[in-house]
Structures are given as C-alpha cells and as structure tokens.
Amino acid sequence: MSHYQKLLRVSTLGKSLYNITPKIEAIVADSGVETGLCTLFLRHTSASLLIQENADPNVLEDLANFMAKLVPESANYIHDDEGPDDMPAHIRTAITHTSEHIPINRGHLVLGTWQGIYIWEHRQRNHSRELVVHISG
C-alpha cells in the first residue's frame, strides 16, 4: 500500500462555505492512487469540513441560517477572547466534523452526483486554514 500526503492551505474570507472539491480532486490525481481512500483533516477548532449539495446554493444558505439559529453569537459565552464569534465557532465545529473519508476508484473521488467537499468557516474574519490530505491505496 502506498501513501501520499499534502498540506493544502485555503484562504477564507469570513463566515461561509468554501467548495474545495476541485483542489482535492487535483491532489488525488497527483497521488497516482487508482483505488484507495482519501482522508481529510482540518487542523482548526473554529472551522469544519462538510460533504454537501453542490448544485443548489440555497442548500448552503439554509444550512448557514440553521446553524446561526442553533448556535447564536448573541449568547453570553464565557470564552470570547477573540470576539463574539469565538465560542460559537468552537461549538459549531464540535457539532460538525474536522475530518472526512472518501473512497477513491479509478483515480477519482467516489462522491455522489450532487456532493461537494466544503470548508465551513465559522469565524467572521479572514483566515488561512490548513487541511491535511492523506491518500492511501
């Protein structure tokens, strides 16, 4: 079994969902792995990974609106060292994921027709996020 690993840096421009599917597909192609597994790990506690609808942007907007209601920034959190979005970002990450596993077949990610891979930035300001892409096969 071979292993291939790459650190992907993604710049975010504040709270939003960022489609990184093409970047991950390119790394899989570079790996040369035909059959295997792509493991993604986001090295942060205030952003998360999501596999979700990639055709209708209303789905992403509805998810963001739901999360804002579920974990409001207006609550009285003790941890607010970096502002009012600090603790809500940590909670949002805790109830989502910081890792995903996607099979590889014939050198391509085995995603469904309407699936895309997203970094979900939970903070208001810009960040540089690091994603470890590990491919084995």
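The values are calculated or read from the model by the stated rules, or taken from the named source; none is laboratory data. Just so it is clear, the model here is predicted, and its values are computed rather than measured. Here Cβ is always computed from backbone atoms with ideal geometry, including for glycine, and neighbour counts include all displayed protein chains. All accessible areas refer to the heavy atoms of the entire protein, side chains included, with ligands and DNA or RNA removed. Shrake-Rupley method; radii C 1.70, N 1.55, O 1.52, S 1.80 Å.
Dipole of the stretch 34-91 computed with +1 at Lys/Arg Cβ and -1 at Asp/Glu Cβ about the Cα centre; of Phe41, His90, Leu60, farthest Cα towards the positive end is Phe41. Using C-alpha pairs under 8 Å with a sequence gap of at least 6, the mean separation divided by the residue count of the stretch 72-137 gives a relative contact order of 28 percent. Figure legend: label point modelled 7 angstrom from the Cα of Leu37 along Cα→Cβ; residues of the stretch 94-129 with amide N under 19 Å from it are 97-112. Distant-in-sequence amide contacts of Ile20, defined by a placed amide H-H separation under 5 Å and a gap of 5 or more residues or a different chain, comprise Ile117, Tyr118, Ile119. Under 12 Å of direct C-alpha separation, and excluding same-chain neighbours fewer than eight residues apart, Lys6 reaches these aspartates and glutamates: Asp30, Glu130. Considering all C-alpha pairs of the stretch 1-131, those separated by over 24 Å amount to 32%. Listed by chain and number, the lysines placed with their C-alpha closer than 17 angstrom to that of Lys69 are Lys15; residues fewer than eight positions away on the same chain are left out. Between the stretch 37-52 and the stretch 1-29, the C-alpha centres lie 9 angstrom from each other. Using a probe radius of 1.4 angstrom, the carbon and sulfur fraction of the accessible surface of the chain is 52%. Along the stretch 105-119 the Karplus relation, 6.51 cos²θ - 1.76 cosθ + 1.60 evaluated at θ = phi - 60°, assigns HN-Hα couplings of 9, 6, x, 10, 5, 9, 9, x, 3, 9, 9, x, 9, 10, 8 Hz to successive residues, with x for each Gly and Pro. With each label modelled as a point 7 angstrom along the Cα→C-beta vector, the Ile78-Phe66 pair spans 3.0 nm. Its DSSP H runs of at least 4 residues, each contributing -39,500 (n - 2.57), put the calculated 222 nm mean residue ellipticity of the chain at -7500 deg cm²/dmol, to the nearest 500.
For the chain, what is the accessible area per residue in Å², given a 1.4 Å probe and the full set of protein chains? All intermediate terms of the calculation are to be shown ahead of the outcome.
On the way: 7610 Å² over 137 residues.
Result: 56 Å² of accessible area for each residue.
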